[in-house]
Amino acid sequence: MKGLIMKELVIYAALATSLLSISACANTSHSQYQVQVIKPNVITQGAEMATIPLLTGEMAQNMVNAAALEAKNNNLMVSVTVVDASGQTLAVLRDHRAGVHTVRASYKKAYTANSQKRETAVIAKGIKDGTIPEDLRYLDENILILDGGVPIYIDGIVVGGIGVGGAHGSEDVHIAKAGLKALEQQ
């Protein structure tokens with residue numbers, strides 16, 4: 001009987017401690033836990049709320065759709081890929097008549113434009129002219145130095161890349177830039 005009473009006392013003590021903890025938390029200021037949402041494509045961080053532009057999946061899909069429409073209007077069979085700032089695919093679309101290799105080529109062009117923060121056509125010309133080291137192509141297995149990759153800027157910061165593969169290089173660039181126009185119109 002005495003052991004049973006002791007167990008009940010321990011349970012009541014634990015319950016009282018829990019209730020006091022919950023009560024104390026409820027009375028504290030919540031300002032340290034508040035999150036401020038500025039806009040859906042911005043990440044905020046720290047006490048001073050620095051903003052970092054963010055390329056969303058919806059934005060990427062709109063770009064891919066606009067680029068694919070431009071390709072269709074020009075009777076070109078291509079793949080279009082958009083990557084985020086970390087090089088991860090956000091959206092991809094392959095025309096059913098485009099070669100199977102075009103998906104990988106469009107990814108690598110988008111990746112290269114993003115990681116190098118310039119158009120792949122500019123990189124290719126720089127290598128040809130000797131102003132950019134040719135060894136750049138060996139830096140990463142995802143680097144592809146062919147026309148058709150364009151970096152994506154928001155507020156002057158590279159947030160990703162768009163790549164097109166399957167047509168002539170200048171046509172790939174034109175289609176990628178049509179995708180960029182869709183972002184500018186959002």
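Nothing in this text is a laboratory measurement; each read-out follows from the coordinates by a stated rule. Everything quoted here is computed from the prediction, not taken from an experiment. Heads up, the Cβs are rebuilt from the backbone with ideal geometry, glycines too, and the neighbour counts pull from every protein chain shown.
Sorting LEU55, LEU90, LEU180 by the number of Cβ atoms found within 10 Å of their own Cβ, with the fewest placed first, yields LEU180, LEU90, LEU55.
With the largest listed first and rounded to whole Å, the semi-axes of the equivalent ellipsoid of segment 57-182 from the Cα gyration tensor are 21, 16, 13.
Below 13 Å, Cα to Cα, which aspartates and glutamates can LYS181 reach? Residues fewer than 8 away in the same chain don't count. Excluding near neighbours in sequence, the set is GLU70. The aspartates and glutamates within cross-link reach of LYS125, meaning a Cα-to-Cα straight distance under 13 Å and a gap of 8 or more places when in the same chain, are GLU134, ASP147.
Other residues within the sphere of radius under 11 Å centred on the Cβ of LEU76, judged by their own Cβ, net out at -2 (K and R +1, D and E -1).
The Cβ shell under 12 Å around LEU55 holds other residues with a net charge of -3, Lys and Arg each +1, Asp and Glu each -1.
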